Amino acid sequence: MRQVSARENIRIDVYGKFSNGDRVKKSQWILGLVALLALAALAFWARSRIHFDFHVFDEQVARADWGKIVLAVVFIAVSYLFRGARWALLMRHNKKIPLFSLIGVQVIGFTAVSLIGRVADPVRPYLVAKKTNEPLGSQVAVYIVERLFDFGTLALFTSLALLSIPQQGLAAVPGQAGLISHLFAPLFHRFPILSQVFARFGALLATLAGVLVLVVVRLSGAAVASFFEASFGLISKNIGRAIAHKIRTFHADLDVLRSFSDFGISASLSIGMWILIGLSYAETVHAFTASPALAPMSLPKCVLIMMISGGVSVLQLPFVGWFSQIAFVAAALSSFFGAAPEASTACAAMLLVTTSLSVIPAGLIWARFDHVSLRKVTVESEHAEENLVAAEKTDSTVAP
């Protein structure tokens with residue numbers, strides 16, 4: 001019989017109190033206050049340098065096609081069906097549950113993230129573990145694999161979007177083209193064709209490389225861990241053991257994917273879900289019919305906006321994250337896609353509402369019926385995560 005690690009054995013009813021969690025929360029609120037002050041300073045600086053007409057802003061909102069905005073919210077709502085089904089399928093080797101039984105957990109979890117920030121990310125695996133009476137470690141493994149599929153699918157869509165944009169339009173694309181051009185400027189100056197290849201195929205190559213690493217670790221995780229342990233052990237045995245332990249832990253997390261059919265089903269659900277999310281972005285952007293830059297925007301460019309918004313949301317802070325996300329997305333719409341500041345700000349704010357905040361009413365109602373306190377469950381899940389990390393360190397210490 002396989003030995004059960006301390007990490008796998010942690011269940012929802014065995015948590016202690018951790019003073020470190022309180023310190024983490026305080027530091028997050030301090031960081032949020034600093035970010036708010038920075039945004040206020042930026043707004044004060046931009047007030048005299050950027051012309052912003054609030055009358056035009058109001059007009060952009062008033063003339064928006066609200067039918068498209070409602071359709072965007074519907075697309076996001078349906079995407080939660082895909083999220084719930086994907087989670088249920090990923091955990092079916094440990095425990096089979098009804099396919100759509102975890103939709104409420106997904107809705108409540110993302111409501112917590114929207115209201116409290118990324119500190120509430122552990123809420124979903126915590127609630128699933130509590131609902132199904134499964135070890136928390138197994139649900140964290142599902143969460144990690146779910147995130148990998150999300151990032152991989154978004155990277156794939158970004159790659160396809162870059163392939164669809166004409167060559168002359170790539171210079172205005174944020175992110176990879178400009179960054180790579182600065183990093184490898186001497187090489188691109190000598191071989192100009194490389195600049196075009198990286199700009200158009202760089203994201204696709206990175207996606208394929210990520211999939212290859214995932215497959216190799218899943219099939220030969222022990223061998224990969226031993227190789228890195230021996231290689232880095234030449235420099236430091238402690239570093240070698242630490243890296244090997246991380247690889248073995250990652251390999252154990254990937255145990256939820258036990259066949260190529262598991263991978264194919266999860267990938268299909270991820271692609272379908274992100275198609276719905278992409279359509280939501282497109283409908284919201286196209287709803288601003290008074291903007292000559294936004295109304296006719298192509299689907300590939302809408303995908304790039306989705307990429308920018310998704311990247312900013314990774315660092316979402318409590319409440320302040322709403323304003324930072326609006327500011328960054330509005331800046332991208334204005335700088336890279338030529339929209340006026342008023343239209344850009346109105347569109348960025350509406351994107352936040354349709355893709356992130358629209359889940360809040362359903363999440364609060366669902367939490368009420370399930371007797372879940374968002375604030376309490378966020379603190380509990382944070383403490384549980386700390387306990388899980390401590391268990392991982394114990395496993396690493398006792399491992400041969």
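A few comments on the model shown:
- Inter-label distance, nm, simple model (7 Å from Cα along the C-beta direction), I265/L234: 4.4 nm
- A 1.4 Å probe run over the protein chains yields, for the range 266-344, 34 Å² of accessible area per residue, whole-number rounding.
- Förster-model FRET efficiency, 22 Å R0, T289 and V353, C-beta, rounded to 0.05: 0.80
- Per-residue SASA remark: L89, around 40 Å² accessible (1.4 Å probe; ligands, DNA and RNA not included).
The values are calculated or read from the model by the stated rules, or taken from the named source; none is laboratory data. Treat the numbers as computed from the prediction; the structure is a model and nothing was measured. Cβ: placed from backbone, ideal geometry, glycine included. Neighbour counts: every protein chain shown. Ligands, DNA and RNA are stripped out before the accessible areas are found, and what is left, the full protein with its side chains, is counted by its heavy atoms. Shrake-Rupley method; radii C 1.70, N 1.55, O 1.52, S 1.80 Å.
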